[in-house]
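The values are calculated or read from the model by the stated rules, or taken from the named source; none is laboratory data. A quick note: this is a predicted structure, and the numbers were derived from the prediction, not measured. For neighbour counting, all protein chains shown are included, and Cβ atoms are generated from backbone atoms with ideal geometry for every residue, glycine included. Side chains included, ligands, DNA and RNA excluded: accessible areas come from the protein's heavy atoms. Shrake-Rupley method; radii C 1.70, N 1.55, O 1.52, S 1.80 Å.
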Amino acid sequence: KSIKDDEYIHPGINRSQNLSCRMALSGYSKGVEFHREETAKILSKYLLTNRLNRKDYFAEIRNSKVVISPFGWGEINTPRDYEVALSGSILLKPDISHIDTWPNIFNKETVVQYKWDLSDLSDLIDNIISNYKNYIHFAVNLQDQYKHYSYGKSGQDEFCDYFINMIKN
């Protein structure tokens with residue numbers, strides 16, 4: 001089933017929750033577990049990070065202004081980052097500028113990024129919450145890019161052309 005435009009939740013809707021970040025802390029490599037545990041410590045002054053059932057999780061991200069996506073099985077946290085694009089929330093995650101992906105929908109125009117050492121995470125959260133209207137364009141840009149490549153005709157053509165060129169070269 002393809003995603004239709006009306007299945008996206010507009011970034012500009014009124015959201016009653018500032019933040020969401022639901023994550024498991026175990027089951028990863030020691031480095032990833034350490035990063036997630038440190039993230040959870042910082043976030044403990046803002047919210048609970050324990051996991052929710054699927055229905056409650058989706059309801060929460062749809063109602064949250066910002067969704068934090070910590071490092072997990074990779075820098076692009078699938079499916080969470082895509083779920084955030086659908087939800088219209090602002091995606092906040094560790095810096096991903098070192099990654100070269102195509103299509104590059106997760107970038108400095110679509111994702112608010114924090115330092116890997118987490119030194120700016122708390123200040124960044126406070127700034128986004130205090131100045132939410134100055135950050136909403138990240139959610140709009142992410143959702144627009146996702147729509148473009150998910151079901152837009154020109155995005156689909158770009159995708160096909162990209163792979164055709166890879167095969168030719």
Taking the range 96-115 only, how many residues are modelled with pLDDT under 95 and farther than 16 Å from Asp144 by Cβ? 7
Filter the range 77-93 down to the residues that are in a loop (DSSP other than H, G, I, E, B) and either of a type in the set (S, T, N, Q) or under 18 Å from Leu43 (Cβ atoms) (or both) and list them by number. Asn77, Thr78, Ser89
I need the full set of residues from the range 106-138 which are acidic (Asp, Glu) and farther than 14 Å from Leu91 by Cβ, in order please. Asp117, Asp120, Asp123, Asp126
Taking the stated definitions as given, is Tyr82 touching a Pro at 6+ places or on another chain (Cβ under 6 Å) and open to solvent by 30 Å² or more (accessible area, probe 1.4 Å)? no
Every pair of residues 6+ apart whose Cβ atoms lie under 6 Å, when the first sits in the range 68-94 and is over 17 Å from Asp120 (Cβ atoms) while the second is basic (Lys, Arg) and not in a loop (DSSP other than H, G, I, E, B): Ser87/Arg62
Could you list, in sequence order, all residues of the range 16-53 that are among the aliphatic types (A, V, I, L, M), under 19 Å from Asp95 (Cβ atoms) and open to solvent by 20 Å² or more (accessible area, probe 1.4 Å)? Ile42
Looking at this structure, is Asp56 part of a loop (DSSP other than H, G, I, E, B), surrounded by fewer than 18 Cβ atoms within 10 Å (Cβ to Cβ) and at pLDDT 95 or above? no
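From the list Tyr114, Tyr46, Tyr82, Tyr8, exactly one residue is among the aromatic types (Phe, Trp, Tyr) and farther than 19 Å from Leu142 by Cα. Which is it?
Numbers: Tyr114 fails: farther than 19 Å from Leu142 by Cα; Tyr82 fails: farther than 19 Å from Leu142 by Cα; Tyr8 fails: farther than 19 Å from Leu142 by Cα.
Answer to the selection: Tyr46.
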Taking the range 59-73, which residues are modelled with pLDDT of 95 or more and either in contact with a Gly (Cβ under 8 Å, 6 or more places away or on another chain) or open to solvent by 30 Å² or more (accessible area, probe 1.4 Å) (or both)? Ala59, Arg62, Asn63, Lys65
Test: Leu92 is over 14 Å from the mean Cα position of the chain (by Cα) and open to solvent by less than 50 Å² (accessible area, probe 1.4 Å): no
Which ones in the range 47-81 are among the polar types (S, T, N, Q), more than 16 Å from Thr110 (Cβ to Cβ) and touching a helix residue (DSSP H, G or I) at 6+ places or on another chain (Cβ under 7 Å)? Thr49
Residue set Asp126, Asp100; condition charged (D, E, K, R) and either surrounded by 14 or more Cβ atoms within 10 Å (Cβ to Cβ) or in a loop (DSSP other than H, G, I, E, B) (or both); output residue Asp100
